[in-house]
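Here is the structure we will look at, set down as structure tokens.
Derivation of every value follows stated rules applied to the coordinates shown; laboratory data play no part. These numbers come from a predicted model, not from an experiment. Cβ placement follows ideal geometry from the backbone for every residue including glycine, while neighbour counts extend to all protein chains displayed.
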Amino acid sequence: MKIALLTRNPKLYSHQRLITAAQARGHEIVPIDYLRCYMNITSKKPDVIYHGEKLKGFDAVIPRIAASHTFYGLAVLRQFEMMGVYPLNESVAIGRSRDKLRCLQLLARDGVGLPVTAFANDTTRTDDVIAMVGGAPVVIKLLEGTQGIGVVLGETHKSARSVIEAFHGAEVAILVQEFVKESEGRDIRAFVIGRRIVATMQRTGSKGDFRSNLHRGGTATEVELTQLEKTTALKACKSMGLNVAGVDMLRSDHGPVVMEVNSSPGLEGIEKTTKADVAEQIITFLEKNARPGRTKTRGAG
Ligand code: ADP
Ligand code: MG
């Protein structure tokens, strides 16, 4: 196969692993900086142009689009889809998962367990919004945050109120969520590839931090999931329409609750913690599935 790897930084651990795994299995893999691509949007022959040349002959595309460049990155990925190149994850599915509110709404529709979550645009109703999720302490999140940045704990009603008002004042979209304190600063990640869970880990936040993100100093260990946790993770991935995802869950008193579904999950934490060869399994998934024109949505919807 000839594989395009959409990335701004091929040197990152995850990208290096994908490059090595693809080459080890006899494939050609080309890192492409999607911000340097430009496109020709015509109905007959869509093209992506890179360094002055048309990109041709690709069988599959692995999108690794940074959260800060979702808009342009997804437009480039869509163009590949219209050219009939098979995407590891489709642009539409990535778009669903990147917006936390849209993601939670779709999960709720499909009956996946979630933390009680509220969303409002109107600061005159802040007290109500806090009460809706069970009162303080509450978690306040930016809709498009990542790596734990933009996730704040409002410990008292008063502090929650000021944080919510500050975000609204700055015209930043947020959601307010029940604080699952019984998870005690831990969460679990299930790494899913094509309807199968291939690796799982539990992350624990650094001392005094309720956020367990590895980027925030959290540590990880391998963990065994319950049957319910497994089905929850697979269901969450399916409702996003993602082939590959890192599903993050909390162990709450009312069962597993999904916080988010990551469409470009990092490989370093999960591979080093579990010793699973996740990169190779991603490449073998493409070997089985990448056929011209097999994209479900072709970027529409
Ligand atoms: P990000 O996209 O920035 O990683 P998350 O929604 O995954 O944002 O939240 C970051 C971390 O904060 C989670 O991994 C978890 O440890 C903690 N966290 C998030 N939401 C809650 C919640 N409702 N209750 C308890 N802890 C939470
Ligand atoms: Mg997270």
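Laid out as a table, the results:
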| read-out | value |
| --- | --- |
| Packing-based ranking, highest mean first, of 51-57, 289-295, 82-88, 102-108 given that Cβ atoms within 10 Å are counted | 82-88, 102-108, 289-295, 51-57 |
| For the chain, built as a Gaussian network whose Cα springs stay under 10 Å, the top-fluctuating residue of Met240, Met39, Met259 | Met39 |
| Percent RCO, i.e. relative contact order, over the stretch 2-91, from Cα pairs under 8 Å lying at least 6 residues apart | 31 |
| In nm, spacing of pseudo-spin labels at Thr284 and Ala24 (7 Å Cα→C-beta vector) | 1.1 |
| Sites Asp253 and Thr219 - FRET efficiency at Förster radius 30 Å, r taken between beta-carbons, to 0.05 | 0.80 |
| Trypsin sites (Lys or Arg not before Pro) within the stretch 168-250: DSSP coil, no more than 14 neighbouring Cβ in 10 Å | Arg195, Lys207 |
| Contact order normalised by residue count of the chain, Cα under 8 Å, 6+ apart, percent | 20 |
| In nm, spacing of pseudo-spin labels at Arg109 and Ser43 (7 Å Cα→C-beta vector) | 2.9 |
| For the chain, share of DSSP beta bridges that run antiparallel, in % to the nearest 5 | 80 |
| Rounded to the nearest 20 debye, dipole of the chain from Cβ charges on Lys, Arg, Asp, Glu | 1000 |
| Compactness of the chain - radius of gyration and Dmax, Cα, Å | 19.8, 60 |
| DSSP-loop GluC sites (Glu not before Pro) across the stretch 83-173, with at most 14 other Cβ within 10 angstrom | Glu155, Glu171 |
| Choice from Gly95, Gly134, Gly266 showing the highest fluctuation, given a GNM over the chain with Cα pairs closer than 10 Å | Gly134 |
| Of the DSSP H helices in the chain, those whose Cα atoms cover at least 24 Å axially and whose Kyte score averages 0.0 or more | none |
